[in-house]
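Chemist: Pasting a structure below so you can have a look.
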Amino acid sequence: MIELKNIERSYKTGHTEEWVLRRIGLTIREGDFVTIMGPSGAGKSSLLNILAMLDDGWKGEYWFGETAVHTLNRKQRGDLARERIGMVFQSYHLLDDLTVAENIDLPLSYKNIPGKDRAGMVADILDRFQVVAKKDLFPNQLSGGQQQLVGIARAVVHAPALLLADEPTGNLHSTQAREIMELFRDLNRQGTTIVQVTHSEENARYGKRIVELRDGWMTRDETFQTAAAEVK
Amino acid sequence: MNTLLHDLHYAVRRLQRAPGFALMAILVMALGIGANVALFTVVRSVLLKPLPFKDPSRLLMLYEQTLVGDEYAYNNVAGGIYAAWVTQNHSFSSLALSRVTEVGLSGSGGDLPETLKNAEVSSNLFSTLGVEPALGRGFTAADDTAGANGTAVLSWSLWKRRFGGDPGVVNKTVYIDAKPYTVIGVMPAWFEYPEATTQIWIPVYQSDPERMISALDNHMYRAVGRLKPGVTPQQATADLAVITRQLHDAHLDNPFVSFSANSRPLLEHMVGPIQRPLYVLLAATSCLLLIACLNVANLLVARAAARRKELAIRAALGSSRTRLFREHLIESFLLAAVGGAAGLAFAYGATSWLVNIRHDMARANSIHIDGVVAAFAVGRVALCALVAGLISALNADNKNVLTTLHESSNMHSAGKQRAQLRKILLAAEVGLTVVLLVGASLLIKSYERLRTTDMGCATNNVLTMRLSLPYARYKTPGPAAATFVSTLLERVRTLPGVEAAGFVTAVPGQGYYGDESFKIVEDPPLPQGQAQFAIYRYSDPGYFAAMGIPILRGHTFDDGQMLDHADEVIISESFARKFFPGEDPIGKHIRFSEQQTVGVNSSIVVGVVGDTRYSIGEPAAAIQYYPIYTGTESYGALVIRSSRDVAQLAMPVQRVIQGMDRDLPVADVLTMDQLLGKSTLDQSFNTTLLSSFALLSLLLAAVGLFGVLSYIVAQRTSEIGIRIALGAQRQEVLRLMLVDGLWPAFAGLVLGLAASAATVRLMRSMLYETQPLDPMVFAAVTGTLLLVAAIACLAPAWRASRLDPVQALRTE
């Protein structure tokens, strides 16, 4: 599904160039649940931003299915990401002045989907995530776990092939974190490919594969067949 | 007190650390306060301050009420009526007469002749007003009799300019219209009456012929009266009305003898025409000041947002809300005070400039900044400081200290409230700007209409200059004046570059210059008490061709139209339509009283010419033209048309005149374009000032819009990042931000248009052929404002759409 070849990312700081990703080669198959780990500053979020097509300043080859992302311009990348990718953020990034339902509708509103269909899709996802009763509440009326639940609902409402999550449980206590990770596992079982960035070993065990980064280099790529099933 | 000084010290330091903000706020305040104080200075000096005469509240300007209706409700006074008022009234301690003319002043020492505004006045004018000459003496009754030696009083400016302020000028002889006059006094520098530009006063009964000054129907004079103690203006006016009515009833055969009298306070008479425009301009500067206040309030709100963390720390360290509130106000007062000081300097410069360029305006010399104006300025500073300071201080969120300290987020509700407040302030600012824009646009359209008015004659490449032949050397009626004009035209026409030249008593656009009654010989007599009258002009046969006035029927005057053989008349199209409806006027006869004085019983209509306008803002009126060579008139305008730059002919033509009479002054050497420009000076001035204020407001509103949207973009950076991360395209972000920035502009526009519709009616009297609710003007203002708002919003909105989502999300 995704193939990264020799991906490099650096930032200019004055006269020097600071490398955050070095020669990353990574293949992600459909149905994968990949966890990116590593210490702070290792390049995890940078890699996730590249996968999310939010960052343009990298070098190398990025294949998304048959599409060579590295040959696309910014708009084409935006179009592709809008169709195929969903994002979950550590601090939820719900918009304060939109209700739960409106927040979930947001990514749909950026596509050419008729309003009626959008309403149906939002209703389905509210039902699926069991937050129908909260659809008219504003984010500040929800707990952190509920906010992240809505954040995930928003990320998957348009049924993306790839779900990217940046420290999705970083701001949650352990019970809420477990619920969210269960949700990810369910989504993965239903066919959504997931890439998450986390510091948590426990969260990593919900995935099928761990990729570790250190100082921008990929230092580990380990797959365990039964990992997700073991976590209870 | 110590704490206050401490806070003041901190405020100065804080502003020093934000020089861009401080400079901007001070500049905006200075402009607002300066413009408002300048206009207040003018309004107070010109309209509100009592006249500098003795007990000015008892001075009344007196008028005849000539015909029923408003048109002649405040007519000039005939000398005969005035004489009756003087002898029969019981209400005035004194009455005085005046008449404004133009005279040629020439010195005895070979000084250049010049044309001056002169006032013929009754000997008691100065005592009636309660004014003493600064030098020498005023007129005595003996000076003001027919046959007395000529005496003259000079204005201060004329004395300084022409006589170098020499105290020995008293008893010297000057030549006014070639007659010797002894200078008997100099008036004080501040004195101006009857007009601001009057430079010389001579006795009226000594100057004007008995026939003219004793007539009951010759409305040429202005009368002023001083009320006796205890008499009200209403009682006095009724007193004069009774006297006038008696004269009217005794002369029912003369329709021009007025039937009643009217009065106005002297101040109102002097400043009446400029009252409305000055109040409109003062209102405009008040709008501008409010806009400036809102702008500064907006800046302060943004600044408070930027200082939120600092204020939270202060609060956490124990500062009370009152103390923080006071700090806000001190900063605002400091900005307003510095802005006010700069504004006062600006106002001083502006009023000096105004006095310099509009010295013709009534009471222009009295315009200066005094204690009251300074107090007004201080009041304005306090008001601005309070308005701007209170808005930002009341909005400062000092309650959620902990939240503020913990949050680094840009997306908290207080930030949104601030953005909301800034939008509301901006909407108010835009609304006021719209009112100014609509007012200015109406004046611009009106002025445009005025300047593009078809005068009925050529206005390009036509040069005009005015001459007044002194009676002493060119007695009228008589051949001398006719011969002078004839010779002058002959010589001017031979000058290289002159295509055509003519002479007329007044060119189109130069003014009314009097009407006179006439009778159409072929028509039955009019019923008693009715009369026909029309404007009259004297011209040479070549005038119509020179001025490009078409001859629609018949022909111009024959060459033989000289002196008592001059029995032809040419009428304008309006004259023909009005007095010969459905008839052919050619060949009809008109009996004209002025012509009868030179022995012409009646004149035959030989031509009909196109209509012209005597004044640029007035409709074409009926005009009758008589041959200048009858020798009845000794003044007029020379017109010269050329195919090249006609202004270059000014000197050669003046040399011709000087060659014919070296003591003859030439006045108003102007092209027709300049002449029309001069006659629309008031409108041009008002339009320019109001437009400047409106543009300034537009600029402030645009800066406000730019600032607010930049602020909103900063507030919403992370939100924009989220939206982009969730799939929003650049153009969607651009549209979102533009809508966000444009709604206050739109709301302000709607409010402003509604307010304009309610207020512009007050400007009706200032508009020419323009309706106050002109849809084109409202549409143009709407378009302009939205365009400017869109431009102002575009940069921050574009910046928002270009945000790097990774960076934007990192700011959260």
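Chemist: Most exposed first by the Cβ proxy, i.e. fewest other Cβ within 10 Å, how do B:Phe778, B:Phe518 rank?
Modeler: Arranged by neighbour count, lowest to highest, B:Phe778, B:Phe518 become B:Phe778, B:Phe518.
Chemist: So, by mean Cβ neighbours within 10 angstrom, what's the order for B:156-166, B:703-713 with the highest one leading?
Modeler: The peptides rank, most packed first, as B:703-713, B:156-166.
Chemist: Sticking with this structure for a sec: Can you give me the P(r) profile for segment B:101-170? Cα pairs, bins 10 angstrom wide beginning at 0, each as a whole percent.
Modeler: All Cα pairs, binned at 10 Å, distribute as 16, 48, 33, 2 percent.
Chemist: For every helix of n ≥ 4 consecutive DSSP H residues, a contribution of -39,500 (n - 2.57) applies; sum these over chain B, divide by its total residues, and give [θ] at 222 nm rounded to the nearest 500 deg cm²/dmol.
Modeler: -16500 deg cm²/dmol
Chemist: Ranked by Cβ crowding within 10 angstrom, fewest neighbours first, how are B:Asp558, B:Asp663 ordered?
Modeler: Placing the least packed residue first, the sequence is B:Asp558, B:Asp663.
Chemist: Further, regarding this structure: Using Cα centres only, tell me the gap between segment B:11-87 and segment A:52-120 in whole Å.
Modeler: Result: 66 Å between the Cα centres.
Chemist: In a solvent-free Debye calculation with one equal scatterer on each Cα, what is log10 I(q)/I(0) for segment B:683-799 at q = 0.12 Å⁻¹, listed in the order of the q values?
Modeler: After summing over all Cα pairs, the log10 values are -0.55.
Chemist: Where in chain B are the helices, taken as whole DSSP H runs, whose Cα atoms extend 20 angstrom or more along the long axis and whose Kyte-Doolittle mean reaches at least -1.0?
Modeler: Qualifying helices: B:2-17, B:19-43, B:233-250, B:266-306, B:321-357, B:371-395, B:413-451, B:479-493, B:681-715, B:730-759, B:775-801.
Chemist: Continuing with this model, one more query. Looking only at other chains, what is the average number of their beta-carbon atoms within 10 angstrom of each beta-carbon in A:106-113?
Modeler: Per-residue shielding by partner chains comes out at 3.
Chemist: Calculate, axis by axis, the spread of Cα positions in segment B:215-358 along the three principal axes, and write the results as whole Å, longest axis first.
Modeler: Cα spread of segment B:215-358 along its principal axes, largest to smallest: 94, 36, 25 Å.
Chemist: Between segment B:698-767 and segment A:147-176, how many Å separate their Cα centres?
Modeler: Answer, in whole Å: 36.
Chemist: Can you grab the distance from the C-alpha centre of segment B:139-169 to the C-alpha centre of segment B:338-364, Å, no decimals?
Modeler: Between the Cα centre of segment B:139-169 and that of segment B:338-364, the gap is 32 Å.
Chemist: Once you average over the residues of A:76-87, how many Cβ atoms of partner chains fall within 10 Å of each Cβ?
Modeler: 2
Chemist: Residues with beta-carbon under 14 Å from that of B:Arg245, excluding B:Arg245: net charge, scoring Lys, Arg +1 and Asp, Glu -1?
Modeler: So the surrounding residues net to -3.
Chemist: Count, for each residue of B:725-737, the Cβ atoms from other chains sitting within 10 Å of its Cβ, then give me the mean as a whole number.
Modeler: 5
Chemist: On to the next question. Any idea what log10 I(q)/I(0) is at q = 0.12, 0.18 Å⁻¹ for segment B:1-159, Debye with uniform C-alpha scatterers and no solvent?
Modeler: -0.79, -1.35
Chemist: Let me ask something else about it. From the mean inverse distance of alpha carbon pairs (Kirkwood) and the Cα radius of gyration, derive Rg over Rh for chain B.
Modeler: My calculation puts Rg/Rh at 1.08.
Chemist: Using only the C-alpha atoms of chain A, find the volume of their convex hull and express it per residue in Å³.
Modeler: That works out to 133 Å³ per residue.
Chemist: Students often forget the sequence filter, so: which aspartates and glutamates lie under 17 Å Cα-Cα from B:Lys49 once same-chain residues fewer than 8 apart are removed?
Modeler: Correct list for B:Lys49: B:Glu192, B:Glu268, B:Asp370.
Chemist: Here is a further query. For segment B:707-812, which trypsin sites (Lys or Arg not before Pro) are both in a DSSP coil and crowded by at most 14 other Cβ atoms within 10 Å?
Modeler: B:Arg802
Chemist: With 21 Å as the limit, write out which pairs from B:Lys475/B:Lys678; B:Lys179/B:Lys475; B:Lys117/B:Lys678; B:Lys54/B:Lys172 have Cα-Cα distances beyond it, or answer none.
Modeler: Pairs exceeding the cut-off: B:Lys475/B:Lys678; B:Lys54/B:Lys172.
Chemist: If you average 1/r over every pair of different alpha-carbon atoms in the protein assembly as shown and take one over that average, what Kirkwood value in Å do you get?
Modeler: Evaluated over the protein assembly as shown, this radius sits at 36.2 Å.
Chemist: Set the Förster distance to 60 Å, then compute FRET efficiency between A:Trp63 and B:Trp743 from the Cβ-Cβ distance, nearest 0.05.
Modeler: 0.85
Chemist: Once fully extended, how much extra length lies between B:Ala480 and B:Asp645, figured as 0.36 nm per residue of separation less the alpha-carbon to alpha-carbon distance?
Modeler: Computed gain between B:Ala480 and B:Asp645 is 56.2 nm.
Chemist: Arrange the peptides B:275-284, B:348-357 so that the one whose residues have, on average, the most other Cβ atoms within 10 Å appears first.
Modeler: Put in order of decreasing packing, that is B:275-284, B:348-357.
Chemist: In addition: Name the shape class, rounded, prolate or oblate, that the alpha-carbon gyration tensor gives for segment B:508-637, where a ≥ b ≥ c are the square roots of its eigenvalues, rounded holds for a/c under 1.5, and otherwise prolate holds if a/b is larger than b/c and oblate otherwise.
Modeler: Judged from the Cα gyration tensor, segment B:508-637 comes out rounded (a/c under 1.5).
Chemist: Can you list the lysines whose alpha carbon sits under 29 Å from that of A:Lys135, skipping same-chain ones fewer than 8 residues off?
Modeler: Partners within reach: A:Lys111, A:Lys116, B:Lys416.
Laboratory data are not the source of any read-out in this text; all were calculated from the coordinates shown. Just so it is clear, the structure is predicted and the values come from calculations on it, not from any experiment. Every residue, glycine as well, gets a Cβ built from its backbone with ideal geometry; the counts of neighbours run over all protein chains shown.
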